[in-house]
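Trainee: Following this message is one structure expressed as structure tokens.
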Amino acid sequence: MSLRTRLRLFVVRELGHALRARWFLAYSAIFLVGGLLLIALGARDTMLIGYRGYARSLAGLVHFAVLFVPLMALFPATAAIAEERENGTLEYLLAQPVTRGEVFLGKWAGVALAVVLSITVGYLLAGGLAVLRGVPPRFVWISYAYLLLLALAFVSAGLAVSALAEPRAWAVTIGLLGWLALLALGSLGAMAAFVRWGVPSAALVGWSFVNPVEAFRIGLVALLDPDLGLLGPLGASLAARHGATRILWGTALSLLMWTAVPLALGASGLLRRRQGV
Amino acid sequence: MIHASGLAKAFAGHVVLDGLSLTVAAGERVALLGLNGTGKTTLFRCLLGQLPYEGELLIDGLDARRDGRRVRARVGYVPQRPPHFYGTLGDLAVFFGGLRGLDLQVVARRMDHLDLSLEDHAAKPVSALSGGMLQKTLLALATAAEVPLLLLDEPTANLDPRARREFVRALESVSTDTTVFLSSHRLEDIRAVADRLLLLHSGRLVFDGTIEELEATARAGSTLWVGLSDDALERAAQAFASDPRVVRVRRNGSRVGLEAASAELPGLLAELDDLGLEVLDLRTEAPSLERLLAGFVDEDAS
């Protein structure tokens, strides 16, 4: 039996689990309602202040996504392997003709697909409406791709935590604390560091690219508002130094790294965890 | 089918398998007996390629460490405690059958063979199934692929007596070509399933033979409890105290207990009849694992 067939079995199993747990439907609904509300507000702003109204309302969507998408990804991902371990199913699974790496990859693919579908259902409906209201489709597609990159980054990070931590409650807690730390060390934290300790602005700019939450926020704002005026002085400095296109590619690359590196670390952690399961 | 030589495993300095060597031929039905913590589950996990170890361990000619996935494709496994699976019985059959490349019809046929109807129960949540039904399902999944080796890690430990009997009966339907390696605490299960018994103590093999040989070696056997009147009780105790077939004579209320190798029990019954004693009731009790092990542990101590 091929690796593809085994991975397909894991994906189908995880999708079934997501649907039964109902988080899939709940997240899709919240995403849809949130998206529709922001699009409606954007349309109203457009009537009042013209094209920039979209940027403002879609920037609202960025903030909404920064808060919501990581949670959507972290809850199922941090529980994924820790739950199997806690239920005794991981030991049984590892008695089947699969490798630990395949189990990790299969779980990742299943959880990632469930989260991606959940975002797609909610966002494309809201995005479709936005296009009908006059928002350029390019904005919708690129912001959709960014949302997926953010989600995949947190699925990978969550699954890596799940492979290494137990019990499940502890894995979920570590994931959420990590996300809160990244939020706290975002733009406000960077500003505080700049004011309080005089951290050089180059370091702050670098950190903005390394922190996935900030990378997502800056990338998407660069798409909507190339001079990054919405991000204040730091944004203006970034735009002047790098330009919107480089910022877009740089932040996308950062999110891709946040997908790939935890994936490798988590798989390697599960492979090394040979004394237990 | 299984060849272990100098197999050693320690957890944080605590030795669990201590240079274990054993061979199990294809088609054999072998039971692994031992107290808790003697290394039975660790040995099974080494066989499944789940744990690193020292020494040599070959399953069907494959090294469990290097060829873990290929080894597991040849091994069906039933754990001591059924895991808390999520989803329905149908999901379970599709996923775990699928991992072994099995068509759902093949799993369903195997389950039918064990008196489990997948068709009737496919939509049932696994959490709603009884422990016995779940263990039989895992047995069906383990054997549907017609694997050459079946590993059963105390599969009846958490079952009630009826479910245990059903599980043991289900085991009888396993192909005679399949090598069965069963670990258990229960001599009655072992007697029903295995032809050969391996006794594990402190990570080492202390006995390899049949149950009868074990009883003889350990000077411990089944106990025949005979209910007698008060005066008959005394006569019986005296008559059997010097009988070489009887390992121990015990008394409990109005019963006398005659401990002897299982094969000797019919002879003892005949002897009671010859003595002209009126037997009020009769029951047999299998020797406890602790009793069987006592001889070996004492030998170790000396």
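Trainee: Any residue in the range A:1-16 that is closer than 18 Å to A:L90 by Cα and facing chain B (nearest Cβ under 9 Å) sitting within a Cβ distance under 7 Å of a residue that is surrounded by 19 or more Cβ atoms within 10 Å (Cβ to Cβ) and aromatic (F, W, Y)? List the pairs, counting only those 6 or more apart or interchain.
Mentor: Pairs found: A:L9/B:F95; A:R13/B:F95.
Trainee: Determine whether A:S143 is modelled with pLDDT of 95 or more, part of a helix (DSSP H, G or I) and polar (S, T, N, Q). Break it down into steps so the answer makes sense when it comes.
Mentor: Numbers: modelled with pLDDT of 95 or more: no; part of a helix (DSSP H, G or I): yes; polar (S, T, N, Q): yes.
Considered against the rule, which asks whether it is modelled with pLDDT of 95 or more, part of a helix (DSSP H, G or I) and polar (S, T, N, Q), A:S143 comes out as no.
Trainee: Here's something else I'd like to know. Just checking: which of the strands (runs of 3 or more DSSP E) contained wholly in the range B:51-158 hold 2 or more residues that are more than 9 Å from chain A (Cβ to nearest Cβ), farther than 16 Å from B:L182 by Cα and modelled with pLDDT of 90 or more? Talk me through it step by step, then tell me what you get.
Mentor: Values: elements: B:54-59, B:75-78, B:149-153.
Result: B:54-59.
Quick grid of which residues meet (1) within 18 Å of the chain's Cα centre (by Cα); (2) at negative phi; (3) surrounded by 21 or more Cβ atoms within 10 Å (Cβ to Cβ):
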| residue | (1), (2), (3) |
| --- | --- |
| A:L228 | no, no, yes |
| A:L231 | no, yes, yes |
| A:G235 | no, yes, yes |
| A:G243 | no, no, no |
| A:R246 | no, yes, no |
| A:T251 | yes, yes, yes |
| A:L255 | yes, yes, yes |
| A:A260 | yes, yes, no |
| A:L265 | yes, yes, no |
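Quick grid of which residues meet (1) in a helix (DSSP H, G or I); (2) farther than 30 Å from B:G49 by Cβ; (3) not β-branched (V, I, T):
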{"residue": "A:L159", "(1), (2), (3)": "yes, no, yes"}
{"residue": "A:L177", "(1), (2), (3)": "yes, yes, yes"}
{"residue": "A:A181", "(1), (2), (3)": "yes, yes, yes"}
{"residue": "A:A192", "(1), (2), (3)": "yes, yes, yes"}
{"residue": "A:G206", "(1), (2), (3)": "yes, yes, yes"}
{"residue": "A:A215", "(1), (2), (3)": "yes, yes, yes"}
{"residue": "A:L231", "(1), (2), (3)": "yes, yes, yes"}
{"residue": "A:L248", "(1), (2), (3)": "yes, yes, yes"}
{"residue": "A:T251", "(1), (2), (3)": "yes, yes, no"}
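Trainee: Could you please find all residues in the range B:123-148 being out of contact with any Leu (no Cβ under 8 Å at 6 or more places or on another chain) and β-branched (V, I, T)?
Mentor: B:V147, the sole residue that qualifies.
Trainee: Moving to a separate point now. Checking B:R81 against (1) under 26 Å from A:G110 (Cα atoms); (2) surrounded by fewer than 20 Cβ atoms within 10 Å (Cβ to Cβ): exactly one of these is not met. Which one?
Mentor: It fails just one condition, (1).
Condition check ((1) within 13 Å of the chain's Cα centre (by Cα); (2) buried (at least 20 other Cβ atoms within 10 Å of the Cβ); (3) not small (G, A, S)) across all residues:
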site	(1), (2), (3)
B:L141	no, yes, yes
B:A144	no, yes, no
B:L152	yes, yes, yes
B:P155	yes, yes, yes
B:P161	no, no, yes
B:L171	yes, yes, yes
B:D177	no, no, yes
B:V180	yes, yes, yes
B:S183	yes, yes, no
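Trainee: With the requirement that a residue be part of a strand (DSSP E or B), under 26 Å from B:I190 (Cα atoms) and within 13 Å of chain A (Cβ to nearest Cβ), what does the range B:12-50 give you? Don't jump to the end; show me each part of the working.
Mentor: Taking the range B:12-50 as the starting set, the residues that turn out to be part of a strand (DSSP E or B) are B:14-24, B:29-33.
If we keep only those that are under 26 Å from B:I190 (Cα atoms) as well, we get B:16-24, B:29-33.
The answer is B:V16, and nothing else.
Trainee: On the basis of being within 14 Å of chain B (Cβ to nearest Cβ), surrounded by 14 or more Cβ atoms within 10 Å (Cβ to Cβ) and closer than 30 Å to A:S162 by Cα, does A:L270 make the cut? Walk me through how you get there before you give the answer.
Mentor: On the way: within 14 Å of chain B (Cβ to nearest Cβ): yes; surrounded by 14 or more Cβ atoms within 10 Å (Cβ to Cβ): yes; closer than 30 Å to A:S162 by Cα: yes.
Taking the combined requirement at face value, the residue satisfies it.
Trainee: Now a separate question. Would you pick out the residues in the range A:198-227 that are free of Cβ contacts under 8 Å to residues at least 24 places away in the same chain and more than 24 Å from A:A181 (Cβ to Cβ)? Walk me through how you get there before you give the answer.
Mentor: Within the range A:198-227, the first condition is being free of Cβ contacts under 8 Å to residues at least 24 places away in the same chain, and the residues that meet it are A:198-200, A:202-203, A:206-207, A:226-227.
Passing the criteria: A:P226, A:D227.
Trainee: Right, another one. Can you find, within the range A:93-123, the residue that is farthest from the other protein chains (Cβ to nearest Cβ) among those that are in a helix (DSSP H, G or I) and more than 21 Å from A:T78 (Cβ to Cβ)? Lay out the reasoning, then the answer.
Mentor: Within the range A:93-123, the first condition is being in a helix (DSSP H, G or I), and the residues that meet it are A:93, A:100-123.
Subset that is more than 21 Å from A:T78 (Cβ to Cβ): A:120-123.
Details: A:T120: 24, A:V121: 22, A:G122: 25, A:Y123: 28 Å.
Per the criteria, the residue is A:Y123.
Trainee: Right, here's the next one. Return yes when A:L150 is under 15 Å from the mean Cα position of the chain (by Cα) and of a type outside the set (G, A, S) and no when it is not.
Mentor: On the way: under 15 Å from the mean Cα position of the chain (by Cα): yes; of a type outside the set (G, A, S): yes.
Yes, satisfied.
Trainee: With farther than 20 Å from B:A157 by Cβ, buried (at least 20 other Cβ atoms within 10 Å of the Cβ) and not aromatic (F, W, Y) as the only criterion, which of B:G97, B:G87, B:G101, B:G76 stands out?
Mentor: Exactly one residue qualifies, and that residue is B:G97.
Trainee: Please determine, by comparing only the residues of the range B:264-301 that are acidic (D, E) and part of a helix (DSSP H, G or I), which one is modelled with the lowest pLDDT.
Mentor: Initial filter on the range B:264-301 (acidic (D, E)): B:264, B:271, B:273-274, B:278, B:281, B:285, B:290, B:298-300.
Still in the list and also part of a helix (DSSP H, G or I): B:264, B:271, B:273-274, B:290, B:298-300.
Numbers: B:E264: 85, B:E271: 88, B:D273: 86, B:D274: 88, B:E290: 71, B:D298: 55, B:E299: 51, B:D300: 48.
Top of the filtered list is B:D300.
The values are calculated or read from the model by the stated rules, or taken from the named source; none is laboratory data. Just so it is clear, the structure is predicted and the values come from calculations on it, not from any experiment. Methodologically, a virtual Cβ is constructed for each residue, glycine included, from the backbone with ideal geometry; neighbour enumeration extends over all protein chains shown.
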